[in-house]
1. Would you order GLU180, GLU245, GLU93 from fewest to most other beta-carbon atoms within 10 Å of each residue's own beta-carbon?
2. How many percent of the alpha carbon pairs in the stretch 34-156 exceed a separation of 25 Å?
3. Just order 96-105, 56-65, 228-237 by mean Cβ neighbour count inside 10 Å, highest at the front, would you?
4. So, by mean Cβ neighbours within 10 angstrom, what's the order for 66-76, 111-121 with the highest one leading?
5. What is the stretch 24-179's relative contact order, in percent, from Cα pairs under 8 angstrom and six or more apart in sequence?
6. Cβ under 13 Å from GLY127's Cβ, GLY127 left aside: what net charge do those residues give with Lys, Arg +1 and Asp, Glu -1?
7. Tell me the label-point distance for the pair ASP110, THR75, using the 7 Å Cα-to-Cβ offset, in nm and rounded to one decimal.
Amino acid sequence: MKKILLFIPITIALAIFFYPTVSNSNGTGSPGGKTDSPMDGQNCTGCHSSTLNTGVGTATITSNIPTNGYTIGSTYTITLSGTKANCSKFGFELTAENGTIKSGDFLITDNTTKLVNSNAVTHKSSGTSGNTTKSWEMGWTPTSSSIGNTTFYAALMFSNANGNNDSGDKIFTTSLMAEEAIVNTIHDYSTKNKFTFNTITKTIESQDNSDLSVYNIGGKLILSSNKQYTSLSHLSKGIYIIKSENNSQKILIN
């Protein structure tokens with residue numbers, strides 16, 4: 001009897017030791033935070049044994065955002081595409097960031113993708129099959145978090161579909177930057193704290209002497225003011241963003 005009791009745990013231990021390593025793949029979608037973006041800091045290699053961006057394959061992000069930039073509140077189509085010879089199973093996660101914040105809102109436009117962590121898009125089980133090439137589309141609407149510019153980041157996995165966690169899975173990352181269109185108009189989120197910018201005199205006029213901040217395109221604070229009139233004529237040529245508590249405006253000084 002003692003020999004039988006001893007045999008059982010030994011058998012279990014040996015079964016665990018020799019059991020084939022199964023991929024931690026997520027056929028129903030990424031767990032989130034795997035886009036290799038600066039904020040996420042991780043990619044699909046956390047679940048798949050692969051060296052990032054090695055081997056033969058391509059991953060690209062494209063969009064129908066106009067060349068002069070996106071407009072806050074409009075909706076655009078973002079497309080992620082991948083190509084790898086003889087590949088029949090694919091996966092991905094894509095997100096958008098503006099500096100240290102997630103940018104805009106994603107919209108699901110077909111049944112092969114889904115939202116993850118509310119600020120990224122990944123595949124569903126119905127969106128993994130393909131033949132050498134694969135692409136996914138999603139909608140994206142820039143919001144107040146998208147003022148200035150946005151970079152889309154994605155990690156795309158080409159799976160060998162053998163169910164094992166091995167080096168046969170290839171993972172590629174890609175990114176695409178887009179800028180907000182310069183329209184010299186105010187994004188009006190409230191009737192409070194309104195201001196206007198005179199492009200000729202390069203002067204901000206505040207209607208209620210509210211606190212205003214001026215940033216360069218890189219997000220660095222240039223000046224603050226609570227005056228009725230604030231001159232920006234001393235600033236170098238370039239793109240700037242004016243913000244109050246409830247409004248913002250992207251301007252061009254030339």
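1. Fewest-to-most Cβ neighbours within 10 Å comes out as GLU245, GLU180, GLU93.
2. Here the tail beyond 25 Å accounts for 22 percent of pairs.
3. 96-105, 56-65, 228-237
4. The densest-packed peptide leads the list: 111-121, 66-76.
5. 34
6. Summing Lys and Arg as +1 and Asp and Glu as -1 gives +1.
7. Output for this residue pair reads 1.6 nm.
Every read-out reported here was derived from the displayed coordinates using simple, explicitly stated rules and does not represent laboratory data. These figures come from a predicted structure and were not determined experimentally. Quick reminder, even Gly has a Cβ in these numbers, built from the backbone with ideal geometry, and neighbours come from all protein chains shown.
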